[in-house]
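I have placed the structure first, in the form of structure tokens, so that the comments after it can refer back to it.
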Amino acid sequence: MSDQAIQSILIVGGGTAGWISAAVLSRFLDPARCTITLIESEEIGTIGVGEATVPLMQHLNGLLGIDEREFVKATQGSFKLGIEFRDWGTIGNTHFHGFGDYGDAIEGIAPHHHWLKLRGQGDTTPIDDYSLPYAMARRGRFAPPSPDPASQQHFYRYAFHFDALLYARFLRNYAEKRGVRRIEGRVVDARLDGESGRIAAVVTQDGQSHAADLFVDCSGFRGLLIEEALGTGYEDWRHWLPCDSAVVAPSTLAGPPTPHTVSTAREAGWQWRIPLQHRMGNGYVYSSRFTDDARARELFTANVEGELLADPRVLRFTTGRRRKFWNGNCVAIGLAGGFMEPLESTSIQLIQTGIARLIEYFPDRNWDPRIAEEYNRVTTSEFERIRDFLILHYCLTRRDDAPLWDYCRTMEVPDTLRHKIEMFRATGRVPLLSEESYQEPSWVAIFAGNGFLPDRYDPLVDRLDPERLRAGLAHRRQQLVRAAEAMPPHEIFIRHCCQAEAA
């Protein structure tokens, strides 16, 4: 081992970010060569109102060697095929962003161009009808993808809903078995090295000092190390993503858990519904510029399904990111690095990619600044691409019934997003940049779902005979329906394969 190798890592904060970080680091680092310690306080706790994820979660489970069904059991989880959006764009509008595409290219052209042609000829079939995840979600069905590439059930992905408190406990058990040491305590201060300006140690409430080579800040919105100790700075995105508050509470299940998340637009934001096996996770994300807490609580409570299991809590946040995610010998993961509202369930994705990127660019004690600069460049690009995708959900609105939607409809958007919108309007294509999390079918789902259609479709579509095209697409829709109806109901699949113990 090099004399300059990192020999000790200290993670400040537990929860989802802290324990994912601990689990991944323990998976790749030899505990005999590098100690990993996590400090957390039971007093602080975790925001445990139900988490929703994206398909990247499957890769994390595979990376850690976690059995998927055991994970779902342990976290009271359910499966997620995508998000159903209600009342976005216009009141009464419903559309679906599924974890899949709209089928194979036809004569080399993406299927949404063929759908656009038929729509121009009077066909009113929603584009969602070409999505297998939508066909499954609409019918409440779920089964893992078929391993047969020729099967209609092969080409889709899925993610999970789970209880965040149980997930942190599950990962803690995984990490501690692999040598991670947990310290109970509240970090109250950080001591900097007078010469380098890097963090030398943190101090807990009991006066104990804890030193390390590398610090991972998982302290949440506070950013105890990255901001309070190092003064990194924060880039505020509330002029694009104006929601800055949320009222949250769990409720009883009003029926079997659905295999998708629901996002319903409200007068000053939107409300989520995340179904778990033992309860429903609920939250109303809103802008304090356009409503107050009392009205938010009232609207939230009136629209919760089932009976509330706790008093609603109000959370505050500022959408945006740290100006650096890696500063000195500190890397911010999770909410400590930045936050974009949970509209597309990207928080855990950014935890995963952030800690995976740290493994990829793992430093030594020489602290070559070029490594941190590259980490920051790539992470910044990833954040900005997700930011643009989230803004798209708001800026396409045609709602004029409330001040928030008036603001979103008329606001200036980032140049990178404006370019995507204008290119889609002109060509029906979505130009993708580096570090894109969402590929063209996802962008098409939001554009088309909100009624924003391009000025033309790809002219090469006209090579195909219209009647043959119409018959082929009708056959594709029928295949998707048959594939979905051949699957078991979501709750039956859970009951047979990954039913949790009684809560």
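The values are calculated or read from the model by the stated rules, or taken from the named source; none is laboratory data. As the structure is a prediction and not an experimental result, all values here were calculated from the model. Because the Cβ atoms are built from the backbone with ideal geometry, glycine has one as well, and the counts that use them run over all protein chains shown.
General observations
- Residue check for VAL444: within 13 Å of TRP115 (Cα to Cα) and within 23 Å of the chain's Cα centre (by Cα): yes
- For segment 477-492, a tally of residues being assigned to a helix (DSSP H, G or I) and either surrounded by fewer than 19 Cβ atoms within 10 Å (Cβ to Cβ) or acidic (Asp, Glu) (or both) returns 8.
- Unmet requirement for THR397, which otherwise passes all of (1) of a type in the set (Ser, Thr, Tyr); (2) outside any helix (DSSP H, G or I); (3) over 27 Å from ILE91 (Cα atoms): (3)
- Pairs, first of a type in the set (Phe, Trp, Tyr) in segment 130-153, second in a loop (DSSP other than H, G, I, E, B), C-beta under 6 Å, six or more apart: TYR130/TYR102; TYR130/GLY103; PHE142/PRO259
- Residue within segment 111-120 that is touching a residue at least 24 places away in the same chain (Cβ under 8 Å), more than 24 Å from the chain's Cα centre (by Cα) and either under 23 Å from PHE162 (Cβ atoms) or loosely packed, with under 15 Cβ neighbours inside 10 Å (or both) present: yes
- Screening PRO31 against (1) farther than 20 Å from ILE359 by Cα; (2) modelled with pLDDT under 95 leaves a single unmet condition, (1).
- Of residues in segment 210-222 being crowded, with 24+ Cβ neighbours inside 10 Å and over 20 Å from the mean Cα position of the chain (by Cα), the one farthest from GLY14 (Cα to Cα): LEU214
- Condition met for SER381 (assigned by TED's automatic domain parsing to the domain that holds GLY103, closer than 22 Å to GLN349 by Cα and not in a loop (DSSP other than H, G, I, E, B)): no
- Matching option when the condition is in a loop (DSSP other than H, G, I, E, B), modelled with pLDDT of 95 or more, of a type in the set (Gly, Ala, Ser) and closer than 30 Å to ALA332 by Cβ, among GLY179, GLY194: GLY179
- Scanning segment 428-476 for residues that are surrounded by 15 or more Cβ atoms within 10 Å (Cβ to Cβ), touching a Phe, Trp or Tyr at 6+ places or on another chain (Cβ under 9 Å) and in a loop (DSSP other than H, G, I, E, B) yields GLY428, VAL430, GLU435, GLU436, SER437, TYR438, ASN450, PHE452, LEU453, PRO454, TYR457.
- Residues of segment 230-249 classified as within 23 Å of ALA190 (Cα to Cα) and surrounded by 23 or more Cβ atoms within 10 Å (Cβ to Cβ), total: 1
- In segment 339-381, residue farthest from GLY320 (Cα to Cα) [restricted to those that are among the small types (Gly, Ala, Ser) and under 21 Å from the mean Cα position of the chain (by Cα)]: ALA356
- Among (1) part of a helix (DSSP H, G or I); (2) in contact with a helix residue (DSSP H, G or I) (Cβ under 9 Å, 6 or more places away or on another chain), the one test that ASP406 misses: (2)
- If you filter segment 392-404 down to residues that are surrounded by 15 or more Cβ atoms within 10 Å (Cβ to Cβ) and either free of Cβ contacts under 8 Å to residues at least 60 places away in the same chain or assigned by TED's automatic domain parsing to the domain that holds THR291 (or both), you find that the one that is farthest from the chain's Cα centre (by Cα) is CYS395.
- Residue-level check: of (1) crowded, with 18+ Cβ neighbours inside 10 Å; (2) in the same structural domain as ALA212 (by TED's automatic domain parsing), GLY269 misses just (2).
- For segment 374-381, the condition of being touching a residue at least 12 places away in the same chain (Cβ under 8 Å), farther than 27 Å from TYR158 by Cα and among the acidic types (Asp, Glu) holds for at least one residue.
- Taken over segment 138-152, residues that are modelled with pLDDT under 95 and either closer than 16 Å to GLY62 by Cβ or surrounded by 19 or more Cβ atoms within 10 Å (Cβ to Cβ) (or both) amount to 4.
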